[in-house]
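Below: the structure, in structure tokens.
No value in this document is a laboratory result; all are computed from the given coordinates. Note that the structure is a prediction, hence the values are computed from the model and not measured. Cβ sites come from the backbone with ideal geometry, for glycine too, and all protein chains shown count toward neighbours.
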Amino acid sequence: MDKIQVNHVIPDFISDTENPVSEIWSKEVTFCRGEKYLIRAASGKGKSSLFSYIFGERTDFTGDIFLDQAKTCTLTHAQWVGIRKTEISFVFQGLRLFPDLTAFENVSIKNRLTNHKTEAEIRNLFVRVGLEEKLNEKVSRLSYGQQQRVTIIRALCQPFDFLLMDEPFSHLDNENIAVVAGIVTKELEQRGAGLIISSLGEDYPFNYRQRFDL
């Protein structure tokens, strides 16, 4: 996948009488593979909605979203399965981890579907983000910031052309953000992949092609 186009999209939760001041809603925006983009907005402005639209989980909007030349509303279930397995990876704001499984098990489940990384590579990622002692800890016993790092490692355990990250660093300090951002940047470069990341206004340490205020 080389590009994602968001054309004149307006969420249903924005009424017909509203005229949103936005650099994305009701505009034509193209995200290109290999480039990095930041989407900034206060809570409730639709950052998570936009990601869900791109990922095909929600369709409560007007306008069109294209993955290359394919309009998302025309894609079959089987096509979405393939896209989510090999073309788009997603770090959810809500994390979506299995609380009764260990940190390593949460990542391994994903990796067994893709066979993208070796066990040694996964363990090395845990070491690099400072979670080597939490590998066999149940996720429910980890702090939210620790869970965010597990979620990011999981997202890297698949092929992708685009990585979506929805407020992924909200509970990390600047030192941990720098470490994780460095890992993500290297993964993006190795794959030639694009990044779309959202924040509440923070300007995370990536070399962006463009910043949008939602």
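Largest mean-square fluctuation among Val150, Val107, Val81, in a Gaussian network model of the chain whose springs join Cα atoms under 10 Å apart, belongs to Val81. Is the C-alpha gyration tensor of the stretch 103-214 telling us rounded, prolate or oblate? Criteria: a/c under 1.5 is rounded; beyond that, a/b larger than b/c is prolate, otherwise oblate. Oblate, since a/c reaches 1.5 and b/c is not below a/b.
For the stretch 58-214, the antiparallel share of DSSP beta bridges with both residues in that region comes to about 25%. If you take the charge dipole of the chain about its Cα centre, with +1 on Lys and Arg Cβ and -1 on Asp and Glu Cβ, which of Asn174, Thr185, Leu156 is farthest toward its positive end? The listed residue farthest towards the positive side: Leu156. Measuring nothing but how far apart in sequence close Cα pairs (under 8 Å, 6+ apart) lie, relative to its length, the chain scores a relative contact order of 34 percent. For the pair the stretch 27-105 / the stretch 123-174, the C-alpha centres are spaced 19 Å from each other. Taken over the chain, lysine pairs spaced eight or more positions apart, or on distinct chains, with alpha carbons under 22 Å apart number 25. Charges were assigned to the Cβ only: +1 to each Lys and Arg, -1 to each Asp and Glu. The resulting dipole of the chain about its Cα centre is roughly 520 debye.
For the chain, a Gaussian network of Cα nodes joined below 10 Å ranks Ser143, Ser26, Ser89 by mean-square fluctuation, and the top entry is Ser143. Taking other Cβ atoms within 10 Å as a rough exposure proxy, Arg58, Arg40 sort from fewest to most as Arg58, Arg40. Helix content alone sets the calculated 222 nm mean residue ellipticity of the chain: runs of n ≥ 4 DSSP H residues at -39500 (n - 2.57) each, divided across all residues, give -10000 deg cm²/dmol.
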